[in-house]
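The values are calculated or read from the model by the stated rules, or taken from the named source; none is laboratory data. These numbers were taken from a predicted model, which means no experiment stands behind them. No Cβ is skipped: glycine too gets one built from the backbone with ideal geometry, and neighbour counts run over all protein chains shown. We work out accessible area using only protein heavy atoms, side chains counted, and drop any ligands, DNA or RNA first. Shrake-Rupley method; radii C 1.70, N 1.55, O 1.52, S 1.80 Å.
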Amino acid sequence: MTRAFQGLDSGQLLLICGAGLVAVAGVAHTAAVGLDRPEIAVGFGALIAVGELARLTMPGNREVAPIGAAAALGYTLLLDLSQNPLRHSALQVVAVIAVGMIAGALPHLAVGRPPRLDAMARRLLTGAMLAFAFRPLADPLYRLTQPPTTTWWPALTVMVALITVTLLVDVLIAAMLRAEQVRTAFRVAVRDELNMAFPLGAAVASSGVLLALATHSMDLVALLVFAAPLLVTQVAFRKYAGIRATYLQTVRALSRVTEVGGYVEPGHSRRVSRLAVAIGRELGMAEPELLELEYASLMHDIGQLSLRDPIPGGATVLTEPEQARRIAELGAEVIKQTGVLDRVAEVVRRQCDVMADEPPLSSRIIKAANAYDDLVGGSTDRDRASAALERLRLAAGAAYDPDAIEALSRVVDRAVRL
């Protein structure tokens, strides 16, 4: 369990502590007063545990548990079962979610896969937030669904409104944590979370509402009916995440060919990739653009394989512009052969263009990162880094993007201070 706490920043630790306090309060209260309708609590708790057991990591290193989250939402929003009102409290909801999540995490822990505590804490706090907002309204909303009014629209409106607010708060919390972890601007992190995580959150929320409404008519059978399609959906998400991970592993392996062949210095492609992605974050690039930038920066020197005689040290910054441009074009042709990385190939092809040709931002970033690493390599000497940055600044405007050079300077300055 110690490994789960390693590398956590203050924001993550605060989130985990807050979730822990809420969980302890929920379990203690429920233990003191007893479970209301224990068979329902156990059924939903079991589905939450299954969801945590089947959790997966999505692009951007986001850990999600769609089944568990949908089950937690469904239990939070339950109004009745077999036309009998349910009056379980918000603290009981918190207790069921917490126990279910812990039960689902234990098998992973037993085989040496510690959970992402910050991700679990966020899921628990999101569920608790919705429970404390909705459960006090459950009884009056239930009465509206009974004769003589018999209308579900007020209940649905309240559910959708509270879930929307909860999702937006969750996005803000995730963005704050991500901005600290990957050192990007908060507004950029918010935009990425809205684009990458909010759609999945909306789908999970819809499933939770449907589960709550279906339980009204189908009793606990709804858990089994809804679990099957949710599992199929999660399998599809897992395959998608696996394909993305395989792509990146393949690109990383391909990038090492130039190092193994002695065309570039060992570690050059990885260093340029890390620098380029850090610069891209400094300049506010979105996650899909950063992924393309990472692919392109890893393979930016692959055109050197066409050379009969390797460039000394692989430093293309010291070669003639025409030769550097030819290497870039040959590399782009190799990448195009994959049939699925045409945009990455275009970024690689234009990395040696002068500023007057208006190359894409990713190409300008790679050019700056590559030039810096060609001059500095793996050295951590401050004087050498300062001299390289000064040389690039002098060429900014014609050969290099001034914004990319300044972003590079900030990235290097942070790395040197650390």
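Conditions tested, residue by residue: (1) free of Cβ contacts under 8 Å to residues at least 60 places away in the same chain; (2) open to solvent by less than 70 Å² (accessible area, probe 1.4 Å); (3) in contact with a helix residue (DSSP H, G or I) (Cβ under 9 Å, 6 or more places away or on another chain); (4) assigned to a helix (DSSP H, G or I).
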{"residue": "V169", "(1), (2), (3), (4)": "yes, yes, yes, yes"}
{"residue": "I173", "(1), (2), (3), (4)": "no, yes, yes, yes"}
{"residue": "V188", "(1), (2), (3), (4)": "no, yes, yes, yes"}
{"residue": "R191", "(1), (2), (3), (4)": "no, no, yes, yes"}
{"residue": "V204", "(1), (2), (3), (4)": "no, yes, yes, yes"}
{"residue": "S207", "(1), (2), (3), (4)": "no, yes, yes, yes"}
{"residue": "R238", "(1), (2), (3), (4)": "no, no, no, yes"}
{"residue": "I243", "(1), (2), (3), (4)": "yes, no, no, yes"}
{"residue": "Q249", "(1), (2), (3), (4)": "yes, no, no, yes"}
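Residue pairs whose Cβ atoms lie under 7 Å apart, sitting 6 or more positions apart in sequence or on different chains, and linking a residue in the stretch 391-403 that is in contact (Cβ under 8 Å) with a residue 12 or more places away in the chain and under 15 Å from S363 (Cβ atoms) to a partner that is open to solvent by less than 80 Å² (accessible area, probe 1.4 Å) and of a type outside the set (A, V, I, L, M, F, W, C), are Y400/K367; D401/R364.
Going through (1) in a helix (DSSP H, G or I); (2) out of contact with any Leu (no Cβ under 8 Å at 6 or more places or on another chain) one by one, I16 falls short only on (2).
If you go through the stretch 291-338 and pick out every residue that is within 18 Å of R256 (Cβ to Cβ), among the hydroxyl-bearing types (S, T, Y) and more than 31 Å from the chain's Cα centre (by Cα), you end up with 2.
Here A46, A54 are screened, and the one residue that is touching a residue at least 40 places away in the same chain (Cβ under 8 Å) and farther than 14 Å from I97 by Cα is A54. Here are the criteria: (1) in contact with a Gly (Cβ under 9 Å, 6 or more places away or on another chain); (2) at pLDDT below 85; (3) over 20 Å from A90 (Cβ atoms); (4) not in a loop (DSSP other than H, G, I, E, B). Tell me which single one T184 does not satisfy. T184 satisfies all of (1) in contact with a Gly (Cβ under 9 Å, 6 or more places away or on another chain); (2) at pLDDT below 85; (3) over 20 Å from A90 (Cβ atoms); (4) not in a loop (DSSP other than H, G, I, E, B) except (4). The set of residues in the stretch 215-236 being buried (at least 17 other Cβ atoms within 10 Å of the Cβ) and more than 21 Å from the chain's Cα centre (by Cα) consists of T215, H216, A222, L223, F226, A227. Of all residues in the stretch 295-350, those being touching a Lys or Arg at 6+ places or on another chain (Cβ under 7 Å) and more than 29 Å from I243 (Cβ to Cβ) number 0.
Taking helices (runs of 4 or more DSSP H) as the structural unit, those lying wholly within the stretch 310-418 and holding at least 3 residues that are at pLDDT below 85 and out of contact with any helix residue (DSSP H, G or I) (no Cβ under 6 Å at 6 or more places or on another chain) correspond to 402-417. When the stretch 148-167 is limited to residues that are open to solvent by 70 Å² or more (accessible area, probe 1.4 Å) and of a type in the set (A, V, I, L, M, F, W, C), the one that is nearest to the chain's Cα centre (by Cα) turns out to be V165.
Within the stretch 347-362, restricting attention to residues that are closer than 15 Å to A398 by Cα and crowded, with 24+ Cβ neighbours inside 10 Å, the residue that is farthest from the chain's Cα centre (by Cα) is C352. Within the stretch 31-84, the set of residues being farther than 20 Å from D219 by Cβ, in contact with a strand residue (DSSP E or B) (Cβ under 7 Å, 6 or more places away or on another chain) and of a type in the set (A, V, I, L, M, F, W, C) comprises L56, M58, V64. Looking at the stretch 375-382, is at least one residue open to solvent by 20 Å² or more (accessible area, probe 1.4 Å), in contact with a Leu (Cβ under 9 Å, 6 or more places away or on another chain) and closer than 16 Å to S273 by Cα? Yes: the stretch 375-382 contains one or more residues that are open to solvent by 20 Å² or more (accessible area, probe 1.4 Å), in contact with a Leu (Cβ under 9 Å, 6 or more places away or on another chain) and closer than 16 Å to S273 by Cα. Looking at L79, L86, just one residue is in contact with a Ser or Thr (Cβ under 7 Å, 6 or more places away or on another chain) and within 30 Å of W153 (Cβ to Cβ), and that residue is L79.
Across the stretch 19-32, a minimum of one residue is classified as over 27 Å from A174 (Cα atoms) and not small (G, A, S).
The condition (being within 16 Å of R274 (Cα to Cα), surrounded by fewer than 18 Cβ atoms within 10 Å (Cβ to Cβ) and of a type outside the set (F, W, Y)) is satisfied by just one residue among A387, A415: A415.
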